[in-house]
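**Student:** The structure that follows is given in the form of structure tokens.
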Amino acid sequence: MATVDRRSFLIGLGACALGACARAAPTGIAHGLRYRIRSGDTLSSIARRAGIPLQRIIAANDLRGIHLRPGAVLFLPGVRRLGPDPLAPPPAEAVPAVAQQPDYRLVSRRDWGAPPIKANHDPMRGVSRITVHHTGHIAGMDALSDRHLVQSITRYHRDHQHWADIGYHYLVGRDGTVYAGRPPQIQGAHSGGINNEHNLGVAMIGCFDYALPQRCQLRALAALVRDLTHQHSVGRHRVLAHRDLSVTDCPGDALYRWFRHNRDSELATRS
């Protein structure tokens, strides 16, 4: 007899989940619906869909808690069918997409007056790393706008270095404005030789040996690198400073200390 009782107990236990059992309708209730719990269901959402008070579901199922387990069965007294949850959010496709606003303004090559790119360049063939630079001190830069500085750097790279175009792919101005440099589809000229392969060059306008850039410029750098890592699927460990690749003091001691400290959080994961 004890064996039969234990077997009956185990069968009954297997039909229950956190107090919600598939059983006959309670005495005095003419009809109802047996509902199998799905992932994401709550007692409140089921009560709203059933159109009955939550306490009635708790009493009908002799529940001792509000936590539900997917796959368990609830008896919903007096319910013939479930309707939609009036408080449920709309399906994803019905929610209008809202573009994320960038934390910087991007000036196109055309808008800052870039000349046509010369033929002596190589294709990028994919991006796998990003390198941060500073331009260093440029004579008379305090009296020049960032736009004029970008034009001046471009002339120097083209006319004196005999490169196809400005060596950097992006330049971050002192006011946080970002200037599009060499197109990302074209290999840059910023880190030396094979270090330029699959490598986007981002230059901060200014010299940062002793002092950090203004906060607006740092914020723009962080936002730009964040966007580039997402766009090109570049891991945070592949965001480098120029001196990580070559014997140079670029991007300056002050900026490099900030860069090393913030690379994982500020540059790669800022949102």
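The values are calculated or read from the model by the stated rules, or taken from the named source; none is laboratory data. Quantities reported herein were computed from a predicted structural model and do not represent experimental measurements. Positions of Cβ are generated from backbone atoms using ideal geometry, with glycine treated the same way; all protein chains shown enter the neighbour counts. Accessible surface areas use protein heavy atoms only, side chains included; no ligands, DNA or RNA. Shrake-Rupley method; radii C 1.70, N 1.55, O 1.52, S 1.80 Å.
**Student:** Report the local net charge at Asp165: Lys and Arg +1, Asp and Glu -1, summed over other residues whose C-beta lies under 14 Å from its C-beta.
**Tutor:** Numbers: positive: Arg109, Arg110, Lys118, Arg155, Arg158, Arg182; negative: Asp122, Asp159.
Cβ neighbours under 14 Å give a net charge of +4.
**Student:** Run the Debye formula on the Cα coordinates of the stretch 99-160, all scatterers equal and no solvent, and tell me log10 I(q)/I(0) at q = 0.13, 0.14 1/Å.
**Tutor:** -0.54, -0.63
**Student:** Then there's this: Multiply the residue separation of His160 and Asp209 by 0.36 nm, subtract the distance between their alpha-carbon atoms, and state the gained length in nm to one decimal. Intermediate values should be presented prior to the final figure.
**Tutor:** Values: separation 49, 0.36 × 49 = 17.64 nm, distance 2.49 nm.
Full extension from His160 to Asp209 adds 15.2 nm.
**Student:** Next question, about the same structure. Would you work out the Kirkwood radius for the stretch 163-271? I mean one over the mean of 1/r across all pairs of different Cα atoms, in Å.
**Tutor:** Here the Kirkwood hydrodynamic radius works out to 14.0 Å.
**Student:** For the stretch 183-271, state which trypsin sites (Lys or Arg not before Pro) are in a DSSP loop and have at most 15 other beta carbons lying within 10 Å of their beta carbon. Each step should come with its number before you reach the end.
**Tutor:** Numbers: sites: Arg215, Arg219, Arg226, Arg236, Arg238, Arg243, Arg257, Arg260, Arg263, Arg270; in loops: Arg270.
Passing both the DSSP loop test and the Cβ count: Arg270.
**Student:** Okay, next question. Would you mind calculating the gained length between Val73 and Ser39 on full extension (0.36 nm times residue separation, minus the Cα-Cα distance), in nm to one decimal?
**Tutor:** In short, 11.0 nm is gained.
**Student:** Moving to a separate point now. Taking a ≥ b ≥ c as the square roots of the Cα gyration tensor eigenvalues, with a/c under 1.5 meaning rounded and otherwise prolate when a/b beats b/c, else oblate, which class fits the stretch 199-255?
**Tutor:** oblate
**Student:** Which value, in Å² rounded to 10, gives the accessible area of His121 with a 1.4 Å probe and all protein chains present?
**Tutor:** Rounded to the nearest 10, the figure is 70 Å².
**Student:** Continuing with the same structure: Could you please put Thr42, Thr131 in sequence from largest to smallest accessible area, using a 1.4 Å probe?
**Tutor:** Thr42, Thr131
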